[in-house]
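The block underneath contains the structure these notes are about, expressed in structure tokens.
The values are calculated or read from the model by the stated rules, or taken from the named source; none is laboratory data. Since the model is a prediction, treat every value here as computed from it, not as a measurement. Virtual Cβ from ideal backbone geometry, glycine too; neighbours counted across all protein chains shown.
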Amino acid sequence: MTNVLAINSSPMMDKGNTAMILAPFLEGMREVGAEVELYYTKKLKINPCQGEFNCWLKTPGKCWQKDDMNMMLTKLCEADIWVFATPVYVDAVSGPMKNLMDRIIPLAQPFIEVRDGHCRHPLHEGAKRGKVVLVSNCGFWEMDNFDPLLVHMKAACKNMGREFAGALLRPHGGGLRAMKEMGAPVDDIFEAAKDAGRQLVRDGEMSAETLATVSRELLPREMYLQFANESFQQALDALKVKK
């Protein structure tokens, strides 16, 4: 059985735009037999890494900080697939997700080796090799807003000794919920996200066509800008009325 650990770092948790893609993706994985656990960083206490290297020198493989990362490290070691779900925050993962990623270093050893032509840290024996999937939502319209995040995630996977298995990316994601509520034809996006989950567990990979459907254009850029700006203006006007 495929063991999947999913972590959603959106502060909106299951009510956020990131969850709209993550939920059907995980559902598809479960449909083909995967065991899936989902955690929200908002409900976890994970402190920033203090950089003192105790987890490498004094207590190898264990961090001295007594927080929820100790439990998460055990689950990360056991999982075949990690799913990191995050909104794009200042061209990168959200702060809580970065804290979690920084705290993964106890799974590595302090020594340095050359792996695939590059300096890396070898993993501890208990650290399982597997796959990593990124699920992300961005409020901006263009797909290239995900580029910095993708570079970071791929680099992190190489350092963690894991395969980057692909990304479910939803640009101009702020319009998806509104369009769904208005009855616009967007069900193909959710079905594609679900199918991507099935494919990854069943076939070991997700098709480019399926991922492209998840990311497909919802509406022209100028129309999206008008929709977004009008929505924010209405929110501002409503606050003025309350005052």
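So which residues in segment 198-210 are surrounded by fewer than 19 Cβ atoms within 10 Å (Cβ to Cβ), touching a helix residue (DSSP H, G or I) at 6+ places or on another chain (Cβ under 9 Å) and farther than 20 Å from Val36 by Cα, if there are any at all?
Scanning segment 198-210 gives Ser207, Glu209.
Could you check segment 216-235 and list, in sequence order, the residues that are closer than 17 Å to Cys138 by Cβ and among the acidic types (Asp, Glu)?
Across segment 216-235, the qualifying residue is only Glu217.
Find all pairs meeting these conditions: Cβ atoms under 7 angstrom apart; at least six residues apart or on different chains; first residue within segment 62-91 and under 18 Å from Leu44 (Cα atoms); second residue of a type in the set (Phe, Trp, Tyr).
Short answer, once both residue conditions are applied: Leu76/Trp82.
Can you tell me which of Asp68, Asp80 is acidic (Asp, Glu), modelled with pLDDT of 95 or more and closer than 17 Å to Arg162 by Cβ?
Numbers: Asp68 fails: closer than 17 Å to Arg162 by Cβ.
Within the list Asp68, Asp80, the selection yields Asp80.
Give the number of residues within segment 174-219 that are under 28 Å from Ser231 (Cα atoms) and not aliphatic (A, V, I, L, M).
15
Among Ile21, Ile105, Ile7, which is the only one that is touching a strand residue (DSSP E or B) at 6+ places or on another chain (Cβ under 8 Å) and closer than 28 Å to His121 by Cα?
Ile7
Filter segment 197-215 for residues that are within 16 Å of the chain's Cα centre (by Cα) and either free of Cβ contacts under 8 Å to residues at least 12 places away in the same chain or under 20 Å from His172 (Cα atoms) (or both) and give the result.
Residues satisfying the conditions are Leu211, Val214, Ser215.
Quick check: is even one residue across segment 78-88 within 30 Å of Phe232 (Cβ to Cβ) and more than 12 Å from the chain's Cα centre (by Cα)?
So far as segment 78-88 goes, no, none of its residues is within 30 Å of Phe232 (Cβ to Cβ) and more than 12 Å from the chain's Cα centre (by Cα).
All but one of (1) over 12 Å from the mean Cα position of the chain (by Cα); (2) surrounded by 13 or more Cβ atoms within 10 Å (Cβ to Cβ) hold for Leu38, so report the exception by its number.
Failed condition: (1).
Can you go through Leu150, Leu134, Leu176, Leu107 and tell me which one is modelled with pLDDT of 95 or more and buried (at least 18 other Cβ atoms within 10 Å of the Cβ)? Full working, then the answer.
Details: Leu150 fails: buried (at least 18 other Cβ atoms within 10 Å of the Cβ); Leu176 fails: modelled with pLDDT of 95 or more; Leu107 fails: modelled with pLDDT of 95 or more.
Answer to the selection: Leu134.
Which condition number in (1) surrounded by fewer than 17 Cβ atoms within 10 Å (Cβ to Cβ); (2) in contact with an Asp or Glu (Cβ under 8 Å, 6 or more places away or on another chain); (3) closer than 30 Å to Asn17 by Cβ is the one that Ile46 fails?
(1)
Within segment 70-94, track down each residue that is in contact with a Ser or Thr (Cβ under 8 Å, 6 or more places away or on another chain) and surrounded by fewer than 21 Cβ atoms within 10 Å (Cβ to Cβ).
Within segment 70-94, just Asp80 meets the criteria.
With respect to Phe164, determine if the residue is among the aromatic types (Phe, Trp, Tyr), within 30 Å of Lys128 (Cα to Cα) and either exposed (fewer than 11 other Cβ atoms within 10 Å of the Cβ) or under 18 Å from the mean Cα position of the chain (by Cα) (or both).
yes
So which pairs qualify, if the first residue must be in segment 12-27 and within 15 Å of Leu200 (Cα to Cα), the second must be aromatic (Phe, Trp, Tyr), the Cβ gap must be under 6 Å, and the two must be at least 6 apart or on different chains?
Correct list of pairs: Pro24/Phe190.
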